[in-house]
Amino acid sequence: MSKSQYIPYNISWCEPLELAACVDDSHFVLLYSGIRNSYSGRYSFLACDLREQVVGDSFFGLESKLSENREYFENAWFGYLGYGLKDKLENLEKDESDWLNLPDIYMMNFGNIYQFDHDNKILTLWSDSPEAKNIITKKMPQGTIPAVSNIRSNMTRLEYLDKARYIINGIYEGDFYQANLTRKFYGEFIETPNYLYIFKKLCEISPAIHSAFIRSGENYIVSSSPESFLHIDSEGNIITRPIKGTAPRGANKITDDELRKKLSESEKDRAENLMIVDLMRNDLSKCCILGSVKTEALFDVTTHATIHHISSTVSGRKSSDCSTLDVVKSAFPPGSMTGAPKINAINLCSQLEKKQRGVYSGAIGWFGGDGSCDLSVVIRTLLIRGKKFEFQVGGGIVADSIPEKELEELISKAKGILLTLNIPASDIERI
């Protein structure tokens, strides 16, 4: 496809959700920056008018499609990389299928890409079709989210506690240092919901720099992730910001400040974060110029609407003999969702969790035609088909973890989704 086919059109500003409400395509992607911080959140993207897609269980199909010597919008790809891609990368056994059973990779190329510059309130359409600039926006419909029923999980509360203790014993026996054990929850709406309205509600309750709404046929991914997996610019500069260490928000400022301070001083949470920083440094070093991998920030406490997190920042410079996708493959799945050593932790969690994670623990975002990419870690995410949905939460188990406290942390991480769906925390606490 020649560069001249994608022409920029400046059109009247509207909010990303208002424009998304006008899209009637069976496949489209909205990458929405619901908040702004010092390093991200300036741009949102809406991609529609599907032209081509890569769907499968390995990176092979995407490798032939990506380019690194054109303009970003000329060959941009949007979508997700599912956790199951680990199987082909590391020659692992495939996890047991679940009800949704989405492809491990779903990346799409579109004819229309709307770029929202939130700082300057500029909306630009990159398109090969002049007619696409003639849009009529409308307000997001208001409404309610249907009640839900039949809440269940892939493991009971007691089973989770037993599995956490099993991991701790394995750590003391020297098998690994940390493993990210997750629980999956399932439920059903009593009637078919407005999927975009669920996304709107989640973004209001739990805003994040990496919110995303993906429609692929009858499947919907509704995500509001605070965690950046990989940002790579066209010059090969790489940034990753792993999150590890969590505390709930307090009911008032005094309690909230106390919880934040306690998290920042927690030796257990800092150790948990440091292990993943070391893991990500090791992963990036496989495709980076020798000596370029650096820890830019360590143990930053970031505050979100429903939770406090510890995050760190690692940077590197891509080697000339590696592609952007090589970097992604070297670091996939995100270290914060596995544990250390990585393969040992992955295998253990597969045995304990039984069901495949699917999109969860993978990555959502885009690849540009100039070699750039921006990918989030798939957490705080609902997967929906028809009236059925699932979401997953997890946490790193380390030597001094207290299983009951880890269980409380899972509920804290699920708070945004629970509030969005009007599910009382007690409904999943007692499962």
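Nothing in this text is a laboratory measurement; each read-out follows from the coordinates by a stated rule. Computed from a prediction, not measured in an experiment: that's the story for all the values here. Cβ coordinates were reconstructed from backbone atoms using ideal geometry, including for glycine residues, and neighbour counts include every protein chain displayed.
Below are the figures for this structure:
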item: Principal axis dimensions, largest first and in whole angstrom, of region 279-431 by Cα; result: 52, 41, 33
item: The chain: relative contact order as a whole-number percent, Cα under 8 Å and 6+ apart; result: 24 percent
item: For region 1-123, Kirkwood radius (reciprocal of mean inverse C-alpha pair distance, Å); result: 16.5 Å
item: Simple label model, 7 Å out from Cα along Cβ direction - residue 152 to residue 301, nm; result: 4.1 nm
item: Whole-angstrom Cα spans of region 60-195 along principal axes, big to small; result: 62, 45, 31
item: Cysteines in the chain that, by Cβ-Cβ distance, have no pairing candidate under 4.7 Å; result: 14, 22, 48, 203, 288, 349, 373
item: In range of the label at residue 71: residues from region 366-410 whose backbone nitrogen is under 19 Å from the point 7 Å along Cα→Cβ; result: 367-373
item: Rounded tilt (10° steps) of 403-413 against the dominant C-alpha axis of the chain; result: 20 degrees
item: Summed residue charge, Cβ within 12 Å of residue 156's Cβ, Lys/Arg positive, Asp/Glu negative; result: +2
item: Distance (nanometres) between label positions extended 7 Å along Cα→Cβ at residue 101 and residue 290; result: 4.9 nm
item: C-alpha long axis of helix 195-205 to longest principal axis of the chain, angle in °; result: 60 degrees
item: Value of Rg/Rh across region 242-285 [Cα atoms, Kirkwood radius]; result: 1.15
item: Extension gain (nm, one decimal) between residue 93 and residue 51, 0.36 nm per residue minus Cα-Cα; result: 11.8 nm
item: Burial ranking of peptide ranges 362-374, 105-117 (average Cβ count within 10 Å, highest at the top); result: 362-374, 105-117
item: C-alpha long axis of helix 253-265 to longest principal axis of the chain, angle in °; result: 80 degrees
item: For peptides 312-323, 210-221, sequence by mean Cβ density within 10 Å, most packed first; result: 210-221, 312-323
item: Cβ-defined net charge surrounding residue 340, 14 Å radius [Lys, Arg +1; Asp, Glu -1]; result: -1
item: For q = 0.10, 0.12, 0.14 Å⁻¹, Debye-computed log10 I/I(0) when each Cα of the chain counts as one equal scatterer; result: -0.66, -0.98, -1.38
item: For region 274-368: relative contact order, % (alpha-carbon pairs under 8 angstrom, 6 or more apart); result: 28 percent
item: Residues residue 408 and residue 175, FRET efficiency given R0 of 25 Å [Cβ-Cβ distance, rounded to 0.05]; result: 0.50
item: Helical contribution to [θ] at 222 nm, DSSP H n ≥ 4, -39,500 (n - 2.57), averaged over the chain, rounded to 500; result: -7500 deg cm²/dmol
item: Packing-based order for 146-159, 37-50, using average beta carbon neighbours within 10 Å, highest first; result: 37-50, 146-159
item: Gaussian network model of the chain, Cα within-10 Å springs - most flexible of 303, 338, 144; result: 144
item: Spacing of the two label points (7 Å from each Cα toward its C-beta) at residue 121 and residue 261, in nm; result: 4.1 nm
